[in-house]
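The values are calculated or read from the model by the stated rules, or taken from the named source; none is laboratory data. What you see is a predicted model; the values in this text were computed from it and never measured. Don't worry about glycine lacking a Cβ; one is built from the backbone with ideal geometry, like all the others, and counts go over all protein chains shown. Please note that ligands, DNA and RNA were not included when accessible areas were found on the heavy atoms of the full protein model with its side chains. Shrake-Rupley method; radii C 1.70, N 1.55, O 1.52, S 1.80 Å.
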Amino acid sequence: MAIPAGLLTFLVAIAPPIGNGRPDAGAPLITAADGQPFRYIPNDQTYALDFDPRAVQLDLFEGWDREQQAYDDRSALAYISGPMYERHVDRRGQEITVPLGDIKLGDRVWRGLNRTAARQRAFIGIRHDGSVEFGYGELTPARAREFESFIGGLHSLYNDLGRPPSAYKGAYSISMGQQIRYFLPRIRMVIGLRPDGRVEVLMSRDGLTLEQTRELARSRGLRAAYLPDHASKSRFIIPGVKGFSDADANWISGGATSFVHVPYMLRLSRRHQILQGSLLAGMASRSGPSGCGNPFQCGQTLGGQLVDRALAGFNRLMEKGVDPIARLIWAPKGKGGSNSDRAPFRETPISADPLALRQQQQEATQGADYQKPNKELNLPADLPPPLLLPDGYGLTEPAEPAAATAPEESGDPNGEGASQPPTAPPPPTVGSVKPGAPAAPPLPPP
């Protein structure tokens, strides 16, 4: 028993000092929005934007390798990484891509196949009055009625407005091997809640550990900060201003021979009808100090704080000890960063790409003369069609399983989307086309 206790004491001792939740003294403060519904606010650390959810809506932009189309779409404000996803193979042997959590955009709902993962992750919800909630769990009928938009399957860096429930597990509690990779420097995507109720999205310019990402988010004054897909799946596109090039792909993957493709992105555009309400509604009631009501709750609180400090110490050990040694063995490659010491750590060649793309990448890596155009590749469907659900009424639990997971391909290739096997798929759905977003390219017949 002395060994675990000594290890815990060591990790707590080397943990960085606890922040006060306020912006650092030397950090640049984010200025007021001055009534602008959307702002692109990059600096020397991040590419960043913030928006008023009452005037800016979220849509799903489906399709593989559509970054250039996103850059050319001047009717959109921005494109960013969507929530984590996984791939499955159905009974017909066809690949399908599904979100790891639930997504609701207007009256369209996509249910994740992995209901356990959907319940164990975090979500961002935009209510019908424009106020935003950073919470935990899956899309329930009550939440479907409450939220105009719901983005599930996220990982919580921190949330000063509420404690996570016991059911919350996050994306980084699968295995020690995967956790070690999480703590290495990666390009990080963050979606956060500003004190004024606006939503901020940022992508780091250089590789950051999880602890450094948390410190960056706190230095910007974010009350809560969640992670969508990031690392080599990071996408941050401002049409006509900032694109996603081969050099960007090479940099965010740490110089790997191939980067991970994504089946969808979140599209930001102006709302046709502005939501009427207050951005700060309900925030004050959730932001007050919360104590413990009895000795049992106090013990739980103290235990949680010790675990948090131990994880912070483990992150510091990875940052100062393991990372420098790992760089000597497997240094990042590629160009594009301002500081080689903050370069993203090189990612493994395993990916969550479709099997056809993976075969193409493997043969190209082996030097084969393989130049098969993408239009001839048997790519999987982007997403099953959404369920049309006015205001969430009629939302039910998914039916019995009808799809089998591809064991070596499901979840995030580097661990970010790893989870337990799916428990149930969504029921048969009817699709709809959202006006405003470019249509997805036609797929070849199976």
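The table that follows gives values for the structure above.
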{"item": "Those residues of the stretch 118-172 which are in a helix (DSSP H, G or I) and under 15 Å from the mean Cα position of the chain (by Cα), in sequence order", "result": "ALA118"}
{"item": "Selection status of ASP160, farther than 21 Å from SER81 by Cβ and in contact with a strand residue (DSSP E or B) (Cβ under 7 Å, 6 or more places away or on another chain)", "result": "yes"}
{"item": "Test result for VAL98, in a strand (DSSP E or B), open to solvent by 30 Å² or more (accessible area, probe 1.4 Å) and at pLDDT below 95", "result": "no"}
{"item": "Within the stretch 223-244, tally of residues that are in contact with a strand residue (DSSP E or B) (Cβ under 7 Å, 6 or more places away or on another chain) and under 24 Å from ALA118 (Cα atoms)", "result": "12"}
{"item": "Leading residue by the ranking (most open to solvent (accessible area, probe 1.4 Å)) among those in the stretch 73-95 that are in contact with a Ser or Thr (Cβ under 8 Å, 6 or more places away or on another chain) and polar (S, T, N, Q)", "result": "SER75"}
